[in-house]
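The values are calculated or read from the model by the stated rules, or taken from the named source; none is laboratory data. Keep in mind it's a predicted model, so treat the numbers as computed, not measured. A quick note on method: Cβ atoms are made from the backbone with ideal geometry, for glycine too, and the neighbour counts reach across all protein chains shown. For the accessible areas, the whole protein counts, side chains as well, though only heavy atoms, and no ligand, DNA or RNA atoms are used. Shrake-Rupley method; radii C 1.70, N 1.55, O 1.52, S 1.80 Å.
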Amino acid sequence: MAIGPDGKFYPSPAEDDPPEAPEDAGHGISKFQQIQRQAARARKIQEEQFKKDQATFLSALEDVEDAPDNPEDANEDSGDDLFGDIDKAIALKRKEFVKQGLLKPNPKKEKVTEVGVEPIEELLPEEEVDLEEIHELQGRTAVPNEINSNDEVSDLNYVGSSSSMSFDLDVDNYGKSKARIVEPKFKMTLAELLDESKVVPVSVYGNIEIEIRGIQHDSREVNSGDLFVCCVGMKTDGHLYLTEADKRGAVAVVASKEINIDETLGCKALVIVEDTNSVLPALAASFYRNPSKSMSVIGITGTNGKTTTSYLIKGMYEAMALRTGMLSTVAYYIHGDNKLDSPLTTPDSVLVQKLMAKMLHNGTEAVVMEASSHGLALGRCDEIDFDIAVFTNLTKDHMDFHSSEEEYRDAKAKLFTRMVDPDRHRKIVNIDDPHAPFFIAQGNPDVPVVTYAIENKSADVHPIKFELSLFETQVLVNTPQGILEISSGLLGKHNIFNILAAVAVGIAVGAPLEGIVRGIEEVDAVPGRCELIDEEQAFGVIVDYAHTPDALSRLLDSVRELGPRRVITVIGCGGERDRGKRPMMAKIAVDKSDVTLLTSDNPRTEDPLDILDDMLAGVGLTMQDYLKYGENDYYPPLPNGHRLFLHDIRRVAVRAAVAMGEEGDMVVVAGKGHETYQIEGDKKEFFDDREECREALQYVDELHQAGIDTSEFPWRLPESH
């Protein structure tokens, strides 16, 4: 046995016997399980559809006579045939509906027999068949309303009232209602939590049999009955907030320093450990019953493409009838369209376990998760049982957090060190990236690897050919299982990599080829990822999250391949972040755009003009050089013939770029993508590039009508804007 980087024991590759997989090691995507789950899903959909068609069934039962109060009376006329039993069951069910107020009473009418007239004998079953054939020949066949299953009619209990009953069918929303999401409840004693998490305390004080109803490391989120873990962060120390956690109802504390809980209001127990940050993931996973072990978990790491790839894999899994959740930069999904807000790329170790427990409780079978370098380095993913690891690419990023590019790479690689079981785990790697061999080598070398690439035709998954346009991307993909023809609404060459990554995952898990294609094609757009803004203008407008040099370069290359007349780009760099990439971003934008507008992007506590000064260094200018031109309101072209402008107010820069657009141009607003805020100083205010672009497009005519020539910047906006 050997100790892995995460401190766990893993079998040595040299041992003869392969590691024994646990009973629940299957990741839920074998052929037989797909069929079983599809059948179960079909049954559930049928039940849900039956509930939706309640009005139709009540209408069908409206004219049926009520069952008699005396069951013996019902037995007199029913006979022993099957049809009589069914009629009786329907009549009894109708009686239940009457009691519930769903239908009006319809008592059985008394038979009236005239004196001297013999009652007509009922036809035998075979005579009824003959009569139906005669009617059919005569063209007088009556077609009854079909009910799928009489058994379902007798088994389903309706809840409602006749006053709220609607018999109108909403065609637009038919079959699209969201499932009700249930919040699971958890509780256990502190002693049980310490035992199940295998956390070994340095010392324990108080009553460890106290019941824990939640776990938090943020004092602001503490509720009554919670366990508060005093974590030490980069900017603050959780031990300083014990009083606030106590006031909010914490009943126990885990700390790495000696604390006096005698003076607290409700804390009944104190657990001292060596490092609270390292035990938090284990405590959270144990409290929420290790939900990731009961679902198939796909982790995606890399600098660019994680979010779009997550959406594509989610779409593909759902096309295989698997309820699939997602944890991404843009949003968290329980499954299907059940969406939550997403504050972080990788949620903290408590939230990620809580979300996965909520997913599992609501029937989620698979989870697609972005694994950021921050999340992996800080241990947020330590207790997540990943089944599949995906590597997209690696370029310079987050140098404000990681001390070197090697540290950044190693943090990403932690996901792949978890791939140790050849029977269960899979590695998906982009071999066009020069770091691919390093990621493939992580973990157990016997774990199967599925490779993908655009240029390297030796990859398992690669394009035979592809076509790019302003409206769609068409790609013919070669796979070990056959050739796929995919037409996607995701634009640009960089999205072909994302499509190939999703296809590779599908091949790795044995997904049906038609399911792979259907799932990928259903993803028309990803919020803030090369997102088209269409207000019927004569030029294109794209909003994208590209905020790294490599991402911006790939984006502008993809846009240029679409064949626009001009490329007009808006780009900024965040404050209090990696300063080294600022000049690189400006140079890439100026080299690959006909017109570039440099602006602000979450300056935080930095002066926006200082950030712009750093960016101008990439094109050999300083702020003083640029301002000299402003004295004459004319900014000459750069040596390469391209134009460069800047404005520290992002709203002005976005509107200027959109207003400059002419027929055949492509306006690219990069850096924020799906984000809906701008951080200036300590204030975080609403700001959405997509909304700004839409408003600007509506204002273009108004600007022109005001006599403003928007083809040359700077120009003055009307006072109302």
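Determine if the range 393-401 includes at least one residue that is more than 29 Å from residue 549 (Cβ to Cβ) and either part of a loop (DSSP other than H, G, I, E, B) or among the charged types (D, E, K, R) (or both). No: zero hits.
Filtering the range 194-217 to residues that are touching a helix residue (DSSP H, G or I) at 6+ places or on another chain (Cβ under 6 Å) and either of a type in the set (Val, Ile, Thr) or open to solvent by less than 30 Å² (accessible area, probe 1.4 Å) (or both) leaves 197, 199, 208, 210, 212, 215. Hey, could you check the range 450-474 for residues that are in a strand (DSSP E or B) and open to solvent by less than 50 Å² (accessible area, probe 1.4 Å) and say which is modelled with the lowest pLDDT? Going through the qualifying residues, I end up with 468.
Among the criteria (1) touching a Gly at 6+ places or on another chain (Cβ under 6 Å); (2) not assigned by the TED database to the domain that holds residue 202, the one residue 308 does not fulfil is (1). Does at least one position in the range 168-180 carry a residue that is more than 29 Å from residue 325 (Cα to Cα), at pLDDT below 95 and touching a Gly at 6+ places or on another chain (Cβ under 7 Å)? No, the range 168-180 has no match at all. Cβ-Cβ distances below 8 Å connect the following pairs, each with a first residue in the range 537-561 that is not assigned by the TED database to the domain that holds residue 470, a second residue that is outside any loop (DSSP other than H, G, I, E, B) and among the polar types (S, T, N, Q), and a separation of six or more residues or different chains: 545/307; 556/569; 558/495. Filtered by the rule that a residue be modelled with pLDDT of 95 or more, out of contact with any helix residue (DSSP H, G or I) (no Cβ under 6 Å at 6 or more places or on another chain) and surrounded by 22 or more Cβ atoms within 10 Å (Cβ to Cβ), the range 218-246 gives a lone residue, 227. Name, by its number, the condition in (1) open to solvent by 60 Å² or more (accessible area, probe 1.4 Å); (2) more than 30 Å from residue 365 (Cβ to Cβ); (3) not hydrophobic (A, V, I, L, M, F, W, C) that does not hold for residue 289. Only one criterion is unmet by residue 289, namely (2).
Restricted to the range 321-354, and to residues there that are buried (at least 22 other Cβ atoms within 10 Å of the Cβ) and aliphatic (A, V, I, L, M), the residue that is modelled with the lowest pLDDT is 330.
If only residues of the range 571-591 that are more than 29 Å from the chain's Cα centre (by Cα) and small (Gly, Ala, Ser) are counted, the one that is surrounded by the fewest Cβ atoms within 10 Å (Cβ to Cβ) is 580. So is residue 274 in contact (Cβ under 8 Å) with a residue 60 or more places away in the chain and either within 17 Å of residue 203 (Cα to Cα) or open to solvent by 10 Å² or more (accessible area, probe 1.4 Å) (or both) or not? Yes: the conditions hold for residue 274. Can you find a residue in the range 531-538 that is open to solvent by less than 20 Å² (accessible area, probe 1.4 Å), among the β-branched types (Val, Ile, Thr) and at negative phi? Yes, the range 531-538 contains at least one residue that is open to solvent by less than 20 Å² (accessible area, probe 1.4 Å), among the β-branched types (Val, Ile, Thr) and at negative phi.
The residue of the range 601-649 that is nearest to residue 677 (Cα to Cα), among those that are of a type in the set (D, E, K, R) and open to solvent by less than 70 Å² (accessible area, probe 1.4 Å), is 601.
Filtered by the rule that a residue be open to solvent by 20 Å² or more (accessible area, probe 1.4 Å), over 17 Å from the mean Cα position of the chain (by Cα) and among the small types (Gly, Ala, Ser), the range 358-383 gives a lone residue, 377. Listed conditions (1) touching a strand residue (DSSP E or B) at 6+ places or on another chain (Cβ under 9 Å); (2) surrounded by fewer than 18 Cβ atoms within 10 Å (Cβ to Cβ); (3) farther than 23 Å from residue 355 by Cβ are all met by residue 249, apart from (3). Of all the residues in the range 417-437, those that are open to solvent by 40 Å² or more (accessible area, probe 1.4 Å), of a type in the set (D, E, K, R) and farther than 11 Å from residue 386 by Cβ number 2.
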